[in-house]
Amino acid sequence: MQTLDAPDDDTVDRPSKTQRKKASHELQDLGEALVALPEDRVAALPLPEALADAVREFRRTRSHEGRRRQMQYIGRLMRGTDTAPIRQAVLDMQLGRAKDSLALHESERWRAELIGSDDALTGFLREHPQADAQRLRALVRNARKDAAAQPEQRSGRAYRELFQFIKQARLHE
């Protein structure tokens, strides 16, 4: 006879309903990140055929309700799938976007420093020795002239060209 205080062995090892729902929602969220990946990245993942088909079907579905139900189906299929490669692909994609954003901010910072100070030119050329120093000096000079002009007379072209030059020089590090 079982007492009320002693839990059944089956209930101790099973996750609670709340834990199961949370895991299900996490898989569905991962499924949303999966379908947001570019087609070539999804094709490179070791997905079961049923899951790959479900992702393709999701992309073809246009109605809101159809997409919602297909996403639930993708989440259910992912329960029996090794999600580690999918999580890694999503993280790599997010990290790539963060790196791109950081690179743009760094290029903007260099542009502001180059326009503001002659010492920044020396620092930039020291960090990027492959950069064309003569072209960089001309771009900085033109950007300074443009910045000194009246607002209605500014073209912004030199400012943009300087940014593109910096971005390309940083890519070829």
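The values are calculated or read from the model by the stated rules, or taken from the named source; none is laboratory data. Small disclaimer: the values here were computed from a predicted structure and weren't measured. Here the Cβ positions follow ideal geometry from the backbone for every residue, glycine too, while neighbour counts run over all protein chains shown.
Looking at 98, 158, 148 in this structure, which one is surrounded by 13 or more Cβ atoms within 10 Å (Cβ to Cβ) and of a type in the set (A, V, I, L, M)?
Sole residue among the options that is surrounded by 13 or more Cβ atoms within 10 Å (Cβ to Cβ) and of a type in the set (A, V, I, L, M): 158.
Which is within 26 Å of residue 96 (Cβ to Cβ), touching a residue at least 60 places away in the same chain (Cβ under 8 Å) and assigned to a helix (DSSP H, G or I), of 34, 30?
30
Quick test for you: out of 135, 67, 126, pick the one residue that is under 30 Å from residue 171 (Cβ atoms), surrounded by 12 or more Cβ atoms within 10 Å (Cβ to Cβ) and not β-branched (Val, Ile, Thr).
Unique residue meeting the criteria: 135.
For residue 52, which of the numbered conditions (1) surrounded by 15 or more Cβ atoms within 10 Å (Cβ to Cβ); (2) assigned to a loop (DSSP other than H, G, I, E, B); (3) free of Cβ contacts under 8 Å to residues at least 12 places away in the same chain; (4) not acidic (Asp, Glu) fails to hold?
Failed condition: (2).
Do you know which of the residues in the range 83-111 that are under 25 Å from residue 44 (Cβ atoms) and either over 22 Å from the mean Cα position of the chain (by Cα) or polar (S, T, N, Q) (or both) is modelled with the lowest pLDDT?
94
Can you tell which of 77, 91, 125 is touching a helix residue (DSSP H, G or I) at 6+ places or on another chain (Cβ under 7 Å), not basic (Lys, Arg) and not assigned by TED's automatic domain parsing to the domain that holds residue 34?
125 is the lone residue from the list that is touching a helix residue (DSSP H, G or I) at 6+ places or on another chain (Cβ under 7 Å), not basic (Lys, Arg) and not assigned by TED's automatic domain parsing to the domain that holds residue 34.
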